[in-house]
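Here is the structure we will look at.
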Amino acid sequence: MNEQEPTQAPAELTPWDRVQLARHPQRPHTQEYIFGICEDFVELHGDRRFGDDAAIVGGMATFDDQTVMVIGHQKGSDTRENMRRNFGMPHPEGYRKAQRLMRHAEKFGMPVICLIDTPAADPNKESEERGQANAIAESILTMTALRTPIIAVVIGEGGSGGALALSVADRILMQENAIFSVAPPEATASILWRDAARAPDAARALKLTAQDLYALDIIDEVIPEPPGGAHTDRPSSITAVGARLRAHLADLTALDLTTLLAQRYAKYRAIGHFEEQQQNLLGRG
Amino acid sequence: MKEFFRRTRKSFNSTESPEVPQIPDDLWIKCSACRELIYKKQLNDNLKVCPKCGHHMRLGAREWLGLLDVGSFSETDANLLPLDPLGFTTPEESYADKLKQSQQRTGMTDAVIAGVGSINGTWLAVATGDFSFMGSSMGSVYGEKMARSAERAADLGVPLLTINTSGGARQQEGVIALMQMAKVTMALTRLAEAAQPHIALLVDPCYGGVTASYPSVADVIIAEPGANIGFAGKRLIEQIMRQKLPAGFQTSEFMLEHGMIDMVVSRSDLRDVLDRLLRHYTRRTGVAEQTNHRVAAYTNGKI
């Protein structure tokens, strides 16, 4: 399943360089992928509780001759659109819309494709009041047991819990210059050293690149980008993502649901690095 | 006998309360909220709740175990030790060193203590964080102990109580730490299949990836009065989002008002409330005695 081509971009890209590429304003965003690889996209709106969050888009589309539910963080391509889409930082209602669409997909037997591209979940006062923590937690819970295949592709920034809330998938793919991090490097630098300017150090230490995360067994595949980054040849970037999605979706739809869910359980249950000393003989192995 | 377990029992049965800094000598402690000097014995008798202003001071994980029936707790997974999966080093510090220092300072291996114990005779799996160990940040060991606790509760057919305090995901374990949010939530699906409840207690402070995962989807969520609970830290909201925050923002009472938790319960009432809650679930699953035998067999086997 791995078509690991040798990295085509100059080999000496630092993690911080990749952070810049992942955030490049010209990088294709979610809707370009949806329109590039799917047909008949019908966008669905609203969480039925509070509002419609433009930082997450979702709806049904035809992909590879079947109907899928596509859900993704949506950044803007200019300042105005970025303001409207809150720079791709979802509010609680965005995650609740995503959950609604996932349950919809489950009900009608549609696979779910999530496109990940967010700096983080929105951290403002109103989001706290409306339960940002709860919204993310509910998204994670929804995905753990969703009775349909889920594939997540990180197409830009995978920022913290805001990204994880759409990433609890059977397969996680990342583009070559995408990043996935426990927190934005600026935040990590601020948390650890009270100095956001040291983000490049944090980016190196965090192992947030696709290559690092593949080596750590967190993601399933790295999707190559054109030399210079996804924005330098948008059609070929989009086509490459479509091709890999098609292959993984075929793998997953071939599985029966019980196997799919058992594999999903095992995949996440196994994540963690610790030492287990021999002494607790009756402890679970 | 019954009286002993009622709320008149003012003390959890904690063995030794660790030293709190900023004490003039070991007899008096200054309340961090009202600045009054409190006689230490009086404070401990009052479960570390300030008798003057009601401020709930933080408890360590070992102290929290005093919530359980005397002698009922048996620890599990004490043999899990943290590693440094990313080789996280920066000019000033390495994660490996930081772990060593925290272990020496606290006498703990990592931030969570897990096990099985009872509250007023009802058995349950318990896992509790300790803020003094790297801010009770969630890394692999934290996640593994929580996940195993959920699975153990499912296997034994008993409820799960998690006591949660955390600064969030442990930065030094990167995405592996982030993924613990999914891992613990995944394990909780087993508990749900076993039709056993997860009761989450949120204590001061609880933030980030911990608040944004398993405790927020618990069946019952309880918080201590005045605890700071939220997703994004206040400093971030004020400095980066440049928003003014009202008094009482991100407190337990704020969470209750916004519908995010079930109740705010003061420490002296906790055992009583948990006891009443637990009885509703054990009544439903029937024969509590069978459960007790199962747990007794399990804990005896371990020792």
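Worth a mention:
- Given charges at Cβ of Lys, Arg, Asp, Glu: region A:51-137 dipole, positive-most of A:Gln74, A:Pro90, A:Phe63: A:Pro90
- Assigned charges on the beta-carbon of Lys, Arg, Asp, Glu; the protein assembly as shown dipole about Cα centre (debye): 1880
- Taking the Cα atoms of region A:1-113, the ratio Rg/Rh between the radius of gyration and the Kirkwood radius comes to 1.04.
- Residues in region B:188-205 carry Karplus couplings, in order, of 5, 5, 5, 5, 5, 4, 7, 6, 10, x, 10, 9, 10, 9, 9, 10, 5, x Hz; the curve used is 6.51 cos²θ - 1.76 cosθ + 1.60 with θ = phi - 60°, and Gly or Pro positions show x.
- Taking every residue in B:228-240 and counting other chain Cβ atoms within 10 Å of its Cβ, the average works out to 5.
- Two-decimal log10 I(q)/I(0) for region B:115-221, as the Debye equation yields it once each C-alpha is a single scatterer, q = 0.09, 0.21, 0.22 Å⁻¹: -0.19, -1.03, -1.12
- Stokes-Einstein diffusion for chain A at 4 °C, viscosity 1.567 mPa s, with a Kirkwood radius from C-alpha pairs, works out to 68 µm²/s.
- For peptides A:129-142, A:58-71, A:153-166, sequence by mean Cβ density within 10 Å, most packed first: A:153-166, A:129-142, A:58-71
- Only lysines eight or more places from B:Lys52 in sequence, or on another chain, were considered; those with a Cα closer than 18 Å are B:Lys10, B:Lys30, B:Lys40, B:Lys41.
- Partnerless cysteines, meaning none of the other Cys C-beta atoms lie under 4.7 Å away, in chain B: B:Cys206
- Counting Lys and Arg as +1 and Asp and Glu as -1 over every other residue whose Cβ lies under 10 Å from the Cβ of B:Gly117, the net charge comes to -2.
- Average partner coverage of A:176-189, which counts Cβ from other chains inside 10 Å: 3
- Alpha-carbon Rg/Rh ratio, for region A:76-230, with Rh computed the Kirkwood way: 0.97
- Between region B:90-112 and region A:51-109, the Cα center-to-center distance that results, in Å: 41
- The ellipsoid that matches the Cα gyration tensor of region B:204-289 has semi-axes, each √(5λ) in whole angstrom, of 32, 14, 9, with the longest given first.
- Projected-area average for the protein assembly as shown over all orientations - Cα convex hull basis, square nanometres: 26.6
- Placing +1 on each Lys and Arg Cβ and -1 on each Asp and Glu Cβ, with no other charges, gives chain B a dipole about its Cα centre of roughly 540 debye.
- Proportion of all alpha-carbon pairs of chain B beyond 25 Å (%): 49
- q = 0.13, 0.22, 0.25 Å⁻¹, region A:127-174: log10 I(q)/I(0) [Debye, one scatterer per Cα]: -0.31, -0.78, -0.93
- Test item: B:164-172 mean partner chain Cβ contacts at 10 Å: 3
- Unsatisfied cross-links (Cα-Cα over 19 Å) in the set A:Lys125/B:Lys234; B:Lys145/B:Lys183; A:Lys107/B:Lys183; A:Lys125/B:Lys244; B:Lys48/B:Lys100; A:Lys97/B:Lys244: A:Lys107/B:Lys183; B:Lys48/B:Lys100; A:Lys97/B:Lys244
- Shape category assigned to region A:196-250 from the gyration tensor of Cα positions, a/c cut at 1.5: oblate
- Our coupling estimate for region B:41-57, obtained by passing each phi through the Karplus curve with A = 6.51, B = -1.76, C = 1.60 and θ = phi - 60°, is 5, 5, 5, 5, 4, 9, 6, 6, 9, 4, x, 7, 10, x, 4, 8, 6 Hz, Gly and Pro reported as x.
- Region B:177-228 - Kirkwood radius from inverse mean 1/r over Cα pairs (Å): 11.6
- Highest to lowest packing among A:189-200, B:208-219, scored as the average C-beta count within 10 Å: B:208-219, A:189-200
FYI, it's all coordinate maths here, none of it is from the lab. These numbers were taken from a predicted model, which means no experiment stands behind them. FYI the Cβ positions are ideal-geometry reconstructions off the backbone, even for glycines, and counts take in every protein chain you see.
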